[in-house]
Each structure stands twice: as C-alpha cells, then as structure tokens.
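S.K.: Please find one structure pasted underneath; my questions will follow.
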Amino acid sequence: MSEPTKKPSYLLYVAWLAALIAALGSLYFSEIKEYIPCELCWYQRIFMYPLSIILGIATYYNERNIIKYVLPLSVIGGSISIFHYLEQKVPGFAQIKPCAKGVPCSAEYINWLGFITIPFLSLIAFTIITVALIAALKQTK
C-alpha cells in the first residue's frame, strides 16, 4: 500500500505569497522607483528574500517540517520592521541609533494615509507570514 498523501496546506501558500509580494515590492521600490534602501531596510530584506525562496519550495512539496526553520526568520525580520517603524513615527526614537552614512533610517519615501510607510508594509508581510506559519504548525499537530 502506498503512503497516504498529506492534504495541501494553504497556509504555507499564504505565507509564500506574502513573502513573494514583499520581496517583489522591495525590488520595485529600489529598482523602479529608485528609492535607496537604508540600513534597516537591508536587514529586513536579508530576512525576507530567503523566505520567498524557501517557502516557495516548501509550498511546492507541501513540506511542513520547514516551518520550524523559517519561523525565526519571520519573527526576527518583523522585530526589525517594528524598530524601523518606531524610528520613523515616534519623535526622539531615531536618536537611539544615529545613521552613520547614506539614507537615514527615519526617512519616509512613502507615507500613505499618514501611517503606511515601507517598514509598515514590511511589518504587515512579516506578520502575515508568522501567523500563517504558526497556524500551519498547529494544523500539523
């Protein structure tokens, strides 16, 4: 008898889609709109780009064991996004870590509706990925 196939996890697909959109969005802002990423933006990219590849492969093979390896990437990236957003929106918070060179991390290239900035978009993506991965992890138990 053959081994029963696992039911596909749509939560993995949601996490991968969020990571893919975030990675493509960051490339759009830097390569098409020509916004120069600050230091914290680079750190967020370091955590997002591998997620778009690893989650894509895990989704294709319906591999849920990968969750315990990619969940920390998402949580750390989200934490950096929160810190970056606070630097932009909370007065006096940017002085904690002054920018050494290049674009200051407190600069806002976009400010939609008065609160949606690039770090906020990154935070939304990391949150969607984290919630989807935690739900998928609970689904396997």
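Bear in mind these aren't lab numbers, they're just calculated from the coordinates by the rules spelled out. Values in this document were obtained by computation on a predicted structure and should not be read as measured data. FYI the Cβ positions are ideal-geometry reconstructions off the backbone, even for glycines, and counts take in every protein chain you see.
S.K.: Subtract the Cα-Cα distance of I134 and Y60 from 0.36 nm times their separation in residues, and report this length gain in nm to one decimal.
M.R.: Contour length minus Cα-Cα distance gives 24.8 nm.
S.K.: Additional query: For the residues F83, F115, F93, what sequence is obtained by ranking on other C-beta atoms within 10 Å, fewest first?
M.R.: The fewest-first ordering by Cβ neighbours comes to F115, F93, F83.
S.K.: Please tell me the relative contact order of the chain in percent, rounded to the nearest whole number, where contacts are Cα pairs under 8 Å and at least six residues apart.
M.R.: 35 percent
S.K.: A further question follows. Could you list W42, W112, W16 in order of exposure, starting from the residue whose Cβ has the fewest other Cβ atoms within 10 Å?
M.R.: So the ranking, lowest neighbour count to highest, is W112, W42, W16.
S.K.: Can you put T127, T117 in order, fewest other beta carbons within 10 Å first?
M.R.: Lowest to highest Cβ neighbour count: T127, T117.
S.K.: Quickly estimate the mean residue ellipticity at 222 nm for the chain, helices only: each DSSP H run with n ≥ 4 gives -39500 (n - 2.57), and the total goes over all residues, rounded to 500.
M.R.: Result for the chain, helices only: -21500 deg cm²/dmol.
S.K.: Going by alpha carbons, how many degrees (0 to 90, nearest 10) lie between the helix axis of 10-27 and the longest principal axis of the chain?
M.R.: 30 degrees
S.K.: For the chain, set up a Gaussian network in which alpha carbons nearer than 10 Å are linked by springs, and say which option among P91, P104, P119 fluctuates the most.
M.R.: Looking only at P91, P104, P119, the largest GNM fluctuation is found for P91.
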